[in-house]
Amino acid sequence: MSDSQMTNTTDAAQNNAPTDTPETRRDTPRNGAPGTPAPSAAPSSDKPLAWLDGEGLHFDDAKTLAAVRRKPVSATMISGLVDRCPAQYLFSDKLKDLVIPVTPQDARIRGIVFHRACELYYARPDARRGAPIDPEAFEECKTKALEEHPEVRDDPEASAWLEAASRRFCAMGPEATDVTVAGYRDDRGRQSPALEMKVTGRLDGVGRRVFGAIDRLITPNPDNPRNVVIDDYKTGGKACVYSDRMRFPDFSYQRQQTLYSMLLEGDTRTFSDGWHLLGGRLIYPMAEYVTLHDDNAGTDVKVSVQGQGAIIRLDVRNPEYRRRTLDDAAKASDALDRESETNLFEYRPSVLCAWCPLAKICPAARIGSKENAQKAFADQPDAQTLAPAIVRA
């Protein structure tokens, strides 16, 4: 692996099991505190909002189905409708929080608080941030983020994880931490730092609007502020340099940043010709190792980063990646048009079914016999827990 792909400060490898992480849930606009999932609330009647039959998931609530029909394409949607299971994606997006409590140990919630701490820190003027990074100032921002999420602050395990993530981020070095944040004009014409930056637009061949939320947009050369790099914080412990020759190639993070780059190029709020993208980076403070494909050996290998985290560099201008990203976005848009019109969101069973919250009521679920699959299946909610939101017909 070259230095242009990884530095010794990288988490792009996802677990093969489907997860609800900040990365997979942040790119849909929500109300409430920054990054907070929609508040859980029991359905208002005894009638479930959806059901499963031999074909897939169906909504029995007109308001929920109407909301689905209005959804823009996002990186999360593409992963759910193209890579994984449409039924599982729609349940997780619209129904899961109604019946499955979100706990402070949830990776999604912990990651949201970490993202918020970073947003608060990099929103400070350069003179107040200083260089190198000021751990005490970052601690102040982390404390404020915890005040917005007292459930994490008051949970020993979750707060300890956040402390470790903050400490390791501050120790990653200047390439990750001492950056110049780009400025942009929002929809109201206000000049703002490009943090948790919402961007939307039309892309060639994609029927629906496309939406994204960018963690941090930086400019390596402040004298040329149109030239930018997309930064995305990843809070998992595994990082990966994508290759289509890997045993389990996961294109999702590469696709996400490629999607964002094309949206930014068409975003004329700040520059009349849009932004010029130099690249993208995945920043993993908690990474323990990086997985990459060794072309000479023809196998995947793990490289230890000795607890220093990692930065994975992404080529967001690669023509083939762009073609594939547009193709996947168009497939997701067309799939949602078709399936929301028929109110049938199909199953796509796989070896990952045991990790799906619908596993115990899904007629198409394929549950493997391996110990990890059996344990994951046992941990999924039962029919009674799911019943207020979804039932099996």
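Quick notes on this structure:
- When Met262 is tested against the conditions (1) touching a Cys at 6+ places or on another chain (Cβ under 8 Å); (2) of a type outside the set (Val, Ile, Thr); (3) within 17 Å of Thr76 (Cα to Cα), the lone failure is (1).
- Complete set of residues in segment 271-287 that are surrounded by fewer than 20 Cβ atoms within 10 Å (Cβ to Cβ) and over 20 Å from the mean Cα position of the chain (by Cα): Phe271, Ser272, Asp273, Gly274, His276, Leu278
- Helices (runs of 4 or more DSSP H) fully within segment 111-168 that include at least 3 residues being surrounded by 19 or more Cβ atoms within 10 Å (Cβ to Cβ): 135-148.
- Among the conditions (1) modelled with pLDDT of 50 or more; (2) surrounded by 15 or more Cβ atoms within 10 Å (Cβ to Cβ); (3) assigned to a loop (DSSP other than H, G, I, E, B), Gln14 misses just one, which is (1).
- A search for C-beta distances below 9 Å between a residue of segment 97-113 that is under 17 Å from Ile390 (Cβ atoms) and any residue that is at pLDDT 95 or above and of a type in the set (S, T, N, Q), counting only pairs 6+ apart in sequence or on different chains, returns Val99/Thr385; Ile100/Thr385.
- Scanning segment 175-205 for residues that are basic (Lys, Arg) and part of a loop (DSSP other than H, G, I, E, B), we see that the one that is farthest from His276 (Cα to Cα) is Arg188.
- Exactly one residue out of Ala364, Ala329 is hydrophobic (A, V, I, L, M, F, W, C), within 30 Å of Val229 (Cβ to Cβ) and either surrounded by 14 or more Cβ atoms within 10 Å (Cβ to Cβ) or out of contact with any Lys or Arg (no Cβ under 8 Å at 6 or more places or on another chain) (or both), and it is Ala329.
- Any chance Gln380 is under 24 Å from the mean Cα position of the chain (by Cα) and crowded, with 21+ Cβ neighbours inside 10 Å: yes
- Number of positions in segment 291-326 that are out of contact with any Asp or Glu (no Cβ under 8 Å at 6 or more places or on another chain), of a type in the set (Gly, Ala, Ser) and surrounded by 18 or more Cβ atoms within 10 Å (Cβ to Cβ): 1
- Which numbered condition Leu217 fails, given (1) crowded, with 21+ Cβ neighbours inside 10 Å; (2) part of a strand (DSSP E or B); (3) more than 21 Å from the chain's Cα centre (by Cα): (3)
- Under the condition of being out of contact with any Cys (no Cβ under 7 Å at 6 or more places or on another chain) and within 27 Å of Asp154 (Cα to Cα), the residues counted in segment 103-134 number 20.
- Strands (runs of 3 or more DSSP E) fully within segment 275-340 that include at least 2 residues being among the charged types (D, E, K, R): 299-304.
The values are calculated or read from the model by the stated rules, or taken from the named source; none is laboratory data. Since the model is a prediction, treat every value here as computed from it, not as a measurement. All Cβ positions, glycine included, derive from the backbone under ideal geometry; neighbour counts span all protein chains shown.
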